[in-house]
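**Student:** Pasting a structure here, questions to come.
The values are calculated or read from the model by the stated rules, or taken from the named source; none is laboratory data. Since this is a predicted model, take the numbers as computed values, not measurements. Cβ coordinates were reconstructed from backbone atoms using ideal geometry, including for glycine residues, and neighbour counts include every protein chain displayed. These area figures cover heavy atoms from the full protein model, side chains too; ligands, DNA and RNA do not enter into them. Shrake-Rupley method; radii C 1.70, N 1.55, O 1.52, S 1.80 Å.
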Amino acid sequence: MDNPNAPDRPNAPGLPNASDMKVLLDRVKHVGKLLEHQLWQAALDLSLDKSSRPGRRFAGLVEAGAMLDATLLLVMLSEPRRSVTDIRKAGDAWVCSIQVYGAATPARARKFKAEHADLPAAVLAALLSSHLERRFEAHLKNTFHKQYQGEFESHDT
């Protein structure tokens, strides 16, 4: 089930590459319809292993032209867990909302929304936005922790 549009570079372990995702998100926002190679790039950026069972399922969906199903599979496979909470048509655009569930309680779950004329592109844009936001928050938390580590220790005398 090898696809000529599938990127050949190996999947990077760990967190997705934020700079690649930002570029992809910008490209997706400026096309009329989600393109197959953009979906493959998203799978690569999200570290989907093409040889795994979900990777083969993804390849089969893309090969069959089921772009929305393939995009929803990426949502389902994302960590921390995400779910599509709203899909609706607003004028000429599709609006998609994705909720991210972390280790925190569901009350603290975050929502990300994207609009696009193409439904699979709206879902992918919301998904990429949710990954970019999570990476940025983790970076800020890590930076803050390193910068102020030890500064809030008790200094009572």
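**Student:** Can you tell me which residue among GLY102, GLY150, GLY60 is at pLDDT 95 or above and over 18 Å from ASP45 (Cα atoms)?
**Tutor:** The unique qualifying residue is GLY60.
**Student:** Now a separate question. As an exercise: evaluate LYS111 against (1) modelled with pLDDT under 95; (2) farther than 24 Å from LEU44 by Cα; (3) part of a strand (DSSP E or B) and give the number of the one condition it does not meet.
**Tutor:** That leaves (2) as the condition not met.
**Student:** Right, next: Can you give me the number of residues within the stretch 73-96 that are open to solvent by less than 20 Å² (accessible area, probe 1.4 Å) and either within 12 Å of the chain's Cα centre (by Cα) or β-branched (Val, Ile, Thr) (or both)?
**Tutor:** 6
**Student:** List the number of the failed condition for SER19; all other conditions in (1) under 29 Å from ASP92 (Cα atoms); (2) in a helix (DSSP H, G or I) hold.
**Tutor:** (1)
**Student:** Still on this structure: What number of residues within the stretch 47-66 are under 17 Å from VAL123 (Cβ atoms) and open to solvent by less than 30 Å² (accessible area, probe 1.4 Å)?
**Tutor:** Qualifying residue count for the region: 4.
**Student:** Quick one: which of ALA12, ALA6, ALA70, ALA18 is among the hydrophobic types (A, V, I, L, M, F, W, C), over 17 Å from GLU115 (Cα atoms) and modelled with pLDDT of 95 or more?
**Tutor:** The match here is ALA70.
**Student:** Here is a follow-up. For LEU39, indicate whether it is of a type in the set (A, V, I, L, M), open to solvent by 50 Å² or more (accessible area, probe 1.4 Å), in contact (Cβ under 8 Å) with a residue 40 or more places away in the chain and under 18 Å from MET21 (Cα atoms).
**Tutor:** no
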